[in-house]
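Working notes, structure below.
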Amino acid sequence: MDNCLPILVTHTLSLSDLRKNYALGSLSEHDVASDPFAQFKRWFRQALDAQLAEPNAMTLATVSADGRPDARIVLIKGADEQGFTFFTNYESRKGQELAANPFGCLLFHWIELERQVRIEGRVEKVSAAESDAYYHSRPIGSRLGAWASEQSAEVADRSIIEAREEAFRKQFGDAPPRPPHWGGYRLVPDAVEFWQGRPSRLHDRIKYFRLADGQWRVARLSP
């Protein structure tokens, strides 16, 4: 008899059967910070303390000039009262979409904590000095990669990208300047929602709305 493993036959699981009951925490409009930046810092610190994998990863959603949405994962590099900062290629698809329609939405999903944070607002470029400072803090490979990659453009194969990287390495050595097509964006929020999973899908949703005078109104949303 041939040495072989038995094949286990199981029933097909329907996607509609996949569900989880959330019960790790709660969120009250009476307990949150008075502004969303302080509340975000509180939750982000808890995500760090929980040693989550890449708690700084967030989905960035943008919309093209003709109304087509797109989304991708980027890394947050700054969060303060000015807004939420990330860096990328200005000529990429997201850069082109932000040039045509300078509004976006960020989404953090800390699944281990059963939490989401959704941030909506206008997106603007950070100063050249801020982009320079972050660029020069990056590892040399990342700095050269910003030159080598024509982000979102079609390329025949990977060898072309690797050849470009090598060419820029020879040109700049270990001191490449920041590419003019690469830098930072800051999303300046006008609304921020904090979502905490709760049992029976009766989740806690607390949303901050920026008022005309710059103050924040806090409201509970129905789940």
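The values are calculated or read from the model by the stated rules, or taken from the named source; none is laboratory data. In this text, all values refer to a predicted model and were calculated from it rather than measured experimentally. Neighbour counts are summed over all protein chains in view; Cβ atoms, including those assigned to glycine, are modelled from backbone coordinates with ideal geometry.
Descriptive notes on the structure:
- Taken as a whole, the range 100-107 holds at least one residue that is assigned to a helix (DSSP H, G or I) and in the same structural domain as Pro199 (by TED's automatic domain parsing).
Here is a yes/no grid of residues against (1) modelled with pLDDT of 95 or more; (2) surrounded by 14 or more Cβ atoms within 10 Å (Cβ to Cβ); (3) of a type in the set (S, T, N, Q):
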{"site": "Gln96", "(1), (2), (3)": "yes, yes, yes"}
{"site": "Val117", "(1), (2), (3)": "yes, yes, no"}
{"site": "Gly121", "(1), (2), (3)": "yes, yes, no"}
{"site": "Ala156", "(1), (2), (3)": "yes, no, no"}
{"site": "Gly173", "(1), (2), (3)": "yes, no, no"}
{"site": "Pro177", "(1), (2), (3)": "yes, no, no"}
{"site": "Arg198", "(1), (2), (3)": "yes, yes, no"}
{"site": "Lys207", "(1), (2), (3)": "yes, yes, no"}
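- Scan the range 123-140 for residues that are among the β-branched types (Val, Ile, Thr) and surrounded by 18 or more Cβ atoms within 10 Å (Cβ to Cβ) and the total you get is 2.
- Residue within the range 81-91 that is modelled with pLDDT of 95 or more, of a type in the set (Ser, Thr, Tyr) and more than 19 Å from Arg210 (Cβ to Cβ) present: yes
- Within the range 98-110, residues that are surrounded by 15 or more Cβ atoms within 10 Å (Cβ to Cβ) sit with their Cβ atoms under 9 Å from residues that are of a type in the set (Ser, Thr, Tyr) and assigned to a loop (DSSP other than H, G, I, E, B), at 6+ positions apart or across chains, in these pairs: Leu98/Tyr90; Asn101/Ser64.
- Pairs meeting the criteria (first residue in the range 184-211 and in the same structural domain as Lys125 (by TED's automatic domain parsing) and among the hydroxyl-bearing types (Ser, Thr, Tyr), second residue modelled with pLDDT under 95 and not in a helix (DSSP H, G or I), beta carbons under 8 Å, at least 6 apart or on different chains) are Ser200/Asn21.
- Selection status of Ala61, of a type outside the set (Asp, Glu), in a strand (DSSP E or B) and free of Cβ contacts under 8 Å to residues at least 40 places away in the same chain: no
- Count of the range 1-50 residues which are modelled with pLDDT under 95 and assigned to a helix (DSSP H, G or I): 3
- Pairs linking a residue in the range 115-141 that is at negative phi to a residue that is among the small types (Gly, Ala, Ser), with Cβ atoms under 6 Å and 6 or more positions apart or on different chains, are Glu120/Ala191; Val123/Gly104; Val126/Gly184; Glu130/Gly184; Ser131/Gly183; Ser131/Gly184.
- Scanning the range 128-174 for residues that are farther than 22 Å from Lys77 by Cα, of a type outside the set (D, E, K, R) and not in a helix (DSSP H, G or I) gives Ala153, Val155, Ala156, Gly173.
- Qualifying residue in the range 42-55 (condition: within 14 Å of the chain's Cα centre (by Cα), of a type in the set (Phe, Trp, Tyr) and within 19 Å of Arg178 (Cα to Cα)): no
- Scanning the range 85-123 for residues that are of a type in the set (Phe, Trp, Tyr), under 15 Å from the mean Cα position of the chain (by Cα) and under 17 Å from Trp182 (Cα atoms) yields Phe86, Phe87.
- Residue check for Arg143: modelled with pLDDT of 95 or more, more than 30 Å from His30 (Cα to Cα), surrounded by 13 or more Cβ atoms within 10 Å (Cβ to Cβ) and among the basic types (Lys, Arg): yes
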